[in-house]
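First up is the structure itself, then whatever we jot down about it.
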Amino acid sequence: SQVKWSERQKVRVERLLSFSVVQQWRAAGQSCSVDAVNWDDLDSVVYVAGGSGGVLLVRFNGAEKSGQLLCVKPQRLEAKGELLASLLADALEIRTARLQILPVSEEIRSRLRKAKLEIGDHQLHLEKKILADAKYLGLVEFVQGPIKEGEDFVGHFRNRDDDVERFWGQAGRLAAFDCLINNLDRLPLIWENDGNLKNLMMDFPEGKLSVVGIDQAVRGISSETGLAKYLCSLQELLRAVWGADEPWLRSSFFQRISSAIEVNFQGDFSVHAVSFKRGLQQAFRLLAWRWSCDLRSSLDESVEKVAAVFSCKEDELRLHQGLVEAAATTITEEVQKLEMNKIPKHMADAFRKLLPRGLFGRDQLTLLLHLLDSELEMSQAKEFLDRFFPGDEDISCPDFLQLLFGAG
């Protein structure tokens, strides 16, 4: 018992030391592009425990830029699902940490081993948990903001109600994406687990809050019964999201997330129910729109890319692809029944042809409103959009059409 306690204490001390190094590097550094890594500039590394094996945080100090940070993660059991999730997120313009897969070469092994170890005892972690038996490494974008726990996170939202609403709106969109790919390791929305709130992070490009997902993966379901059960849960979620507010707040979906937040923050931070629900609706509408336009081809292309990167047959991704196809079809059919059928078909078809991405630029839509109604001044059109789509740089086409036709 004393030995086990000592081991737990050692692990805790190691994590605290790693966290201290990460905080120092974060304060003085910046994220390195996963597409432009210069291994000649590799300076030092620190191992950070967590997940399935942890990650290696590496720091580059080049002649032009110093303190650039990148996460290096061994690609093992869920490697194909992780890359597929990253490619789909990019296609859907969902903000997740960028991922690049790299075959492990002797040169990279040598450079990582020669890098300065910020914590000397981490040599064993580098060998056993990062490099051992790894054929591929994932180069993962280092996200600057705090993870979803601790005083750094909570402190950001004090007296910033707009950021609270923005956070939960974007978290809702990310949660909808998780439902598309069966990513059960973040917010426990339709999965009966505790989730992993650490996989929900923040970044501040140009000083503006942006929610970022990390460690997502497409997870196929091999059992027909299991897949049917998953799709049934997804249908129930969609109906709850489009239902009245009171039943939504009492639903098991909302209660699971609310409980997870309460356990982690003890009342210091809570779910903004209206913004989270709105974010879910916006994302599910857009997913349905994209599945009716170009998401099928994006999925096919993504599967081809994953197979090429890992030199495997596309058939090995059959369960992954089948899960996304089934979930996307369910989302599209349910959203159509719940509300999109209120939009005239010829109108929806015309906009899908014009805007397969399903997004308007704000200036683009302002001009369109003015052209459709010459008596509507540009300033009035802008005021209209600011009222109904505050803070959105891009405006969802299905959201806009729903605003115009949904009330009827």
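Just one residue in the set ARG113, ARG158 is open to solvent by 70 Å² or more (accessible area, probe 1.4 Å), more than 14 Å from the chain's Cα centre (by Cα) and under 25 Å from SER33 (Cα atoms); that residue is ARG113.
Note on the stretch 342-370: residues that are under 25 Å from ILE181 (Cα atoms), over 22 Å from the mean Cα position of the chain (by Cα) and of a type outside the set (A, V, I, L, M, F, W, C) total 1.
For beta carbons closer than 6 Å, sequence separation of 6+ or different chains, a first residue in the stretch 62-89 that is at positive phi and a second that is open to solvent by 10 Å² or more (accessible area, probe 1.4 Å), the qualifying pairs are GLY67/ALA28; GLY67/GLY29.
Taking interchain pairs and intrachain pairs at least six residues apart, which have beta carbon atoms under 7 angstrom, with the first residue in the stretch 350-371 and under 18 Å from ARG285 (Cβ atoms) and touching a residue at least 60 places away in the same chain (Cβ under 8 Å) and the second part of a helix (DSSP H, G or I) and open to solvent by 50 Å² or more (accessible area, probe 1.4 Å)? Within 7 Å, the pairs are ARG352/SER292.
Just to verify a result, which residue in the stretch 14-38, among those that are among the hydroxyl-bearing types (Ser, Thr, Tyr) and within 25 Å of the chain's Cα centre (by Cα), is least open to solvent (accessible area, probe 1.4 Å)?
So the first thing to find is which residues in the stretch 14-38 are among the hydroxyl-bearing types (Ser, Thr, Tyr), and the list is 18, 20, 31, 33.
From what is left, the residues that are within 25 Å of the chain's Cα centre (by Cα) are 18, 31, 33.
Values: SER18: 5, SER31: 41, SER33: 59 Å².
If we take residues in the stretch 14-38 being among the hydroxyl-bearing types (Ser, Thr, Tyr) and within 25 Å of the chain's Cα centre (by Cα), then SER18 is least open to solvent (accessible area, probe 1.4 Å).
Scanning the stretch 372-408 for residues that are open to solvent by 90 Å² or more (accessible area, probe 1.4 Å) and at pLDDT 85 or above yields GLU375, GLU377, LYS382, GLU383, ARG387. Restricting attention to the stretch 303-318, the residues that are of a type outside the set (Asp, Glu), part of a helix (DSSP H, G or I) and either open to solvent by 90 Å² or more (accessible area, probe 1.4 Å) or within 12 Å of ILE181 (Cβ to Cβ) (or both) add up to 2. Within the stretch 42-55, identify whether any single residue is under 22 Å from the mean Cα position of the chain (by Cα), within 24 Å of LEU174 (Cα to Cα) and either crowded, with 22+ Cβ neighbours inside 10 Å or of a type in the set (Lys, Arg) (or both), and answer yes or no. Looking for residues that are under 22 Å from the mean Cα position of the chain (by Cα), within 24 Å of LEU174 (Cα to Cα) and either crowded, with 22+ Cβ neighbours inside 10 Å or of a type in the set (Lys, Arg) (or both), one finds at least one in the stretch 42-55, hence yes.
Out of PRO390, PRO344, report the one residue that is closer than 18 Å to SER292 by Cβ and not aromatic (Phe, Trp, Tyr).
Just one listed residue meets the conditions, PRO344.
In this structure, does SER233 turn out to be surrounded by 15 or more Cβ atoms within 10 Å (Cβ to Cβ) and in contact (Cβ under 8 Å) with a residue 12 or more places away in the chain? Yes; evaluated as a whole, the condition is true for this residue.
Every residue, every condition in (1) modelled with pLDDT under 90; (2) out of contact with any Lys or Arg (no Cβ under 9 Å at 6 or more places or on another chain), yes or no:
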site: GLN100; (1), (2): no, yes
site: ALA115; (1), (2): no, no
site: ALA134; (1), (2): yes, no
site: GLY138; (1), (2): no, no
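Scanning the stretch 260-302 for residues that are farther than 30 Å from LEU401 by Cβ and either in contact with a Lys or Arg (Cβ under 9 Å, 6 or more places away or on another chain) or surrounded by 14 or more Cβ atoms within 10 Å (Cβ to Cβ) (or both) yields ALA260, ILE261, GLU262, ASN264, PHE265, ASP268, PHE269.
The values are calculated or read from the model by the stated rules, or taken from the named source; none is laboratory data. No experiment lies behind these values; they were computed from the predicted model shown. A quick note on method: Cβ atoms are made from the backbone with ideal geometry, for glycine too, and the neighbour counts reach across all protein chains shown. Surface areas here come from the heavy atoms of the whole protein model, side chains and all, with no ligands, DNA or RNA. Shrake-Rupley method; radii C 1.70, N 1.55, O 1.52, S 1.80 Å.
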